[in-house]
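Participant: Sharing a structure here in structure tokens format.
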Amino acid sequence: MATARANANIAFIKYWGNRDERLRLPVNPSISMNLGGLYAETTVDWDRTLISDSLGLNGREESGAALDRVTIHLNVLRERLGFSTYARVESANNFPTGAGIASSAAAFAALTVAGTAAAGASLSERELTTLARLGSGSASRSVPTGFVEWHAADQHEASYAESIAAPDYWDIVDVIAVVSKKHKDVGSSTGHKSANTSDLQTARVAGAGERFTRCKQAILNRDFTAFAEVVEHDSNLMHAVMMTSRPPLFYWLPPTLAIMDNVRQWRSEGLRVCYTLDAGPNVHCICVRDDAYAVSERLRASSDVLDVLVAPPGDGAKVIVP
Ligand code: PMV
């Protein structure tokens, strides 16, 4: 039995679409930052007396799709670790459930790290990222610390994630404007499959390598101006693909667009802030720490904003109870 903790992450260069659905091999490389303080904590108990896997999520017993997805991932771990014992899994997020914060990255990173530790195995961080990726692509990026890149490749072993900078390398924070707490109708696993139905996906992917390089350089140079430009552009491109997929995926709500507009306005007034959005309507306002208070106050002043969460760069996944 072991417990692990893994932070959620926010992508600056987005992952959208797979070259191999089963292995979750992405069509393009991506970059993210772990969200300090927004984490999943997962305990795995491989128990020879069990006759099936079971899952408790935020104190509720799960069956159906959620349990099936965990079982599929436990099968991956069982195959790699060389045994067939069932497991009891208990997982909880410390961020409000249903706050519209993607939880699968944190959940599958924590499940992979806890499951491995509970078996007494010690795998390299690189391999842990590839295993986490099989549960949820973006989970690969929640394993290493701080600012993380995830390589796109044709082979399972080659599509791994690694840290490009420690959490304290750059003082930026994610100020998340929650505008809806509703669970999304179309999840990202379904969304990835429809990415190619958009005429724009080819163009998005063609430029992704160049945006990836620009974003990585901007982080390494702590160049907020260059960073803001490429991060907003990349988010807009992903949402353009989503909206032009068949069937179309519209994740934005009216307040989403209003906040994006405000963020651009605030930046023109001198605040170092830019926006990025995952597969949901909540707006991640990435800002230099000195400007985070002003940004969160402005967001809180809007009646459209239900909640504001603030996350600095966070650690990688860790075993907290061996
Ligand atoms: O890991 P998934 O299958 O939940 O996909 C994540 C997709 C985005 O959040 C929209 C982008 C990303 O790179 O995290």
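The values are calculated or read from the model by the stated rules, or taken from the named source; none is laboratory data. In this text, all values refer to a predicted model and were calculated from it rather than measured experimentally. All Cβ positions, even for glycine, are placed from backbone atoms using ideal geometry, and neighbour counts span all protein chains on display.
Participant: Would you tally the residues in segment 277-313 being outside any strand (DSSP E or B), in contact (Cβ under 8 Å) with a residue 40 or more places away in the chain, farther than 22 Å from GLU232 by Cβ and not hydrophobic (A, V, I, L, M, F, W, C)?
Facilitator: Selection size over segment 277-313: 0.
Participant: Restricting to segment 240-287, what's the tally of residues that are touching a Phe, Trp or Tyr at 6+ places or on another chain (Cβ under 9 Å) and surrounded by fewer than 19 Cβ atoms within 10 Å (Cβ to Cβ)?
Facilitator: Of the residues in that region, 2 qualify.
Participant: Continuing with the same structure: State which residue is nearest to LEU57 (Cα to Cα) when the search covers only segment 105-158 and only residues that are within 15 Å of the ligand (Cβ to nearest atom) and in contact with a Pro (Cβ under 7 Å, 6 or more places away or on another chain).
Facilitator: Narrowing segment 105-158 to residues within 15 Å of the ligand (Cβ to nearest atom): 105-112, 129-144, 147-152.
Going one step further and asking which of them are in contact with a Pro (Cβ under 7 Å, 6 or more places away or on another chain), we end up with 129, 137, 147, 149-152.
Values: THR129: 23, GLY137: 20, PHE147: 28, GLU149: 29, TRP150: 27, HIS151: 30, ALA152: 31 Å.
Selected residue: GLY137.
Participant: Looking only at strands (runs of 3 or more DSSP E) that lie completely in segment 112-191, which have at least 1 residues being touching a residue at least 60 places away in the same chain (Cβ under 8 Å) and within 30 Å of ALA258 (Cβ to Cβ)? If you could, list the steps in order and put the result at the bottom.
Facilitator: Numbers: elements: 147-150, 161-165, 172-178.
Strands (runs of 3 or more DSSP E) meeting the threshold: 147-150, 172-178.
Participant: Would you be able to say whether some residue in segment 79-86 is of a type outside the set (Asp, Glu) and surrounded by 22 or more Cβ atoms within 10 Å (Cβ to Cβ)? Before you say what the answer is, go through the steps one by one.
Facilitator: Applying the first criterion (of a type outside the set (Asp, Glu)) to segment 79-86 yields 80-86.
Checking which are surrounded by 22 or more Cβ atoms within 10 Å (Cβ to Cβ) leaves us with none.
No, segment 79-86 has no match at all.
Participant: Tell me whether segment 13-26 contains one or more residues that are modelled with pLDDT of 95 or more, farther than 27 Å from ALA311 by Cα, surrounded by 22 or more Cβ atoms within 10 Å (Cβ to Cβ) and over 18 Å from the mean Cα position of the chain (by Cα).
Facilitator: Checked against the condition, which is being modelled with pLDDT of 95 or more, farther than 27 Å from ALA311 by Cα, surrounded by 22 or more Cβ atoms within 10 Å (Cβ to Cβ) and over 18 Å from the mean Cα position of the chain (by Cα), segment 13-26 yields no hits at all.
Participant: Identify, please: which residue in segment 1-11 is hydrophobic (A, V, I, L, M, F, W, C) and part of a strand (DSSP E or B) and is, among those, nearest to GLN155 (Cα to Cα)? If you could, list the steps in order and put the result at the bottom.
Facilitator: Taking segment 1-11 and keeping what is hydrophobic (A, V, I, L, M, F, W, C), we get 1-2, 4, 6, 8, 10-11.
If we keep only those that are part of a strand (DSSP E or B) too, we end up with 2, 4, 6, 8, 10-11.
On the way: ALA2: 30, ALA4: 27, ALA6: 25, ALA8: 25, ILE10: 25, ALA11: 22 Å.
The extreme case among them is ALA11.
Participant: Determine which member of the set ALA106, ALA102 is under 26 Å from ASP278 (Cα atoms) and modelled with pLDDT under 95. Don't jump to the end; show me each part of the working.
Facilitator: Values: ALA106 fails: modelled with pLDDT under 95.
Of the residues listed, the single one that is under 26 Å from ASP278 (Cα atoms) and modelled with pLDDT under 95 is ALA102.
Participant: Can you tell me which residue among ASP174, ASP223 is of a type in the set (Asp, Glu), modelled with pLDDT of 95 or more and more than 20 Å from the chain's Cα centre (by Cα)?
Facilitator: Details: ASP174 fails: more than 20 Å from the chain's Cα centre (by Cα).
When all the criteria are applied, what remains is ASP223.
Participant: Return the residue satisfying two criteria in turn: it lies in segment 12-44 and is more than 11 Å from the ligand (Cβ to nearest atom) and either of a type in the set (S, T, N, Q) or outside any strand (DSSP E or B) (or both), and of such residues it is nearest to ARG211 (Cα to Cα).
Facilitator: Selected residue: VAL27.
Participant: Can you tell me which residue in segment 221-276 is nearest to VAL305 (Cα to Cα), limited to those that are part of a helix (DSSP H, G or I), out of contact with any strand residue (DSSP E or B) (no Cβ under 7 Å at 6 or more places or on another chain) and hydroxyl-bearing (Ser, Thr, Tyr)?
Facilitator: Result: SER268.
Participant: Same structure again: I'm trying to understand the selection: among the residues of segment 24-57, which are in contact with a helix residue (DSSP H, G or I) (Cβ under 7 Å, 6 or more places away or on another chain) and of a type in the set (A, V, I, L, M, F, W, C)?
Facilitator: VAL27, ILE31, ALA40, VAL44, TRP46, LEU55, LEU57
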